[in-house]
Amino acid sequence: MPVLPISMFAALVLAYVWLRAFLARDTPVMVQVLILACAIQSMIISFNQHYGVSWLGPVQPVTAMVIPALAYLAIASTAIRPLAWKRDWFHMLGPVAGAICFFTLPDFMDGLVVASYVGYAALLLKATLSGADALPLIRLEHGDRPLVLWRVVGLALLASAFSDVVIIAIMATGQEWLRPWVISIFSSGVLLMIGVLNLSDMLKDTADKDNSTKEAASGTGQTSDRPQAYDADPDLFTALEDLMKGEKIYLDPNLTLGRM
């Protein structure tokens, strides 16, 4: 009787999510790449663990190290700053180091994967410590939702690292029958969470844009009261008033903190 492992189910869902984002063309490219990478990784896990494709065993930990790097590059390119090859090329070193480690020091491979996930999780969570001000490329209409999204992605990476630690403990205690269950539930669940969460926030763009435009058109973006900040820096406040009343930048649905 045909069966569908959890990891293969997650791979199919992620593949559908990626295809929907690709056809809609309203999701940033790096986010699409991250979703596709999660789908491929979940499929590799399924073929290796459940369908006997043993040659994927060496591939699985190496491709696993691609996920945290892509997660960080996705948040950097969509929320913080544009990517630049001269500044971001070193993120490719993780998978390369994983491939070298697998063939030269295989006993350290599991530890390297755990360190990669914990390290990138720390980078993601650190990038959101300053609140929404730390994400200058995010449109202001989104509020704190992108901030919460990326924090959850960071926690998901930590959960994946925890699952690897559990697998190491299982192998050390001889309970290898538990390994497929841990990999299927933890790894596939984390990959599915990362992929779906990234797309779910992007799908709200159109609806939120319409709502924010209506609210701005009704005059909610203006205020007649001058705050105490006017006394501290009247020139800056006057320039801000010109932007609001003259150019009416609050009507722009694409307004970001960095642009302002």
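The values are calculated or read from the model by the stated rules, or taken from the named source; none is laboratory data. Please read all numbers here as calculations on a predicted model, not as lab measurements. With ideal geometry, Cβ positions are generated from the backbone for all residues, glycine too; neighbour counts draw on all protein chains shown.
Values for this structure:
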item: Test for PHE9: is it touching a helix residue (DSSP H, G or I) at 6+ places or on another chain (Cβ under 8 Å) and modelled with pLDDT under 85; result: yes
item: Close pairs from the stretch 156-168: first without any contact (Cβ under 8 Å) to a residue 24 or more places away in the chain and more than 19 Å from LEU123 (Cβ to Cβ), partner surrounded by fewer than 20 Cβ atoms within 10 Å (Cβ to Cβ) and not polar (S, T, N, Q), Cβ under 9 Å, at least 6 apart; result: VAL166/LEU178; VAL166/VAL182; VAL166/PHE186
item: Yes/no for LEU70 being under 30 Å from MET171 (Cβ atoms) and not in a helix (DSSP H, G or I); result: no
item: Residue in the stretch 35-54 that is touching a Phe, Trp or Tyr at 6+ places or on another chain (Cβ under 8 Å), surrounded by fewer than 21 Cβ atoms within 10 Å (Cβ to Cβ) and closer than 29 Å to LYS126 by Cα present; result: yes
item: Qualifying residue in the stretch 191-205 (condition: modelled with pLDDT of 65 or more, touching a Ser or Thr at 6+ places or on another chain (Cβ under 7 Å) and buried (at least 20 other Cβ atoms within 10 Å of the Cβ)); result: yes
item: Among residues of the stretch 131-172, those that are of a type outside the set (A, V, I, L, M), modelled with pLDDT under 80 and in a helix (DSSP H, G or I), counted; result: 9
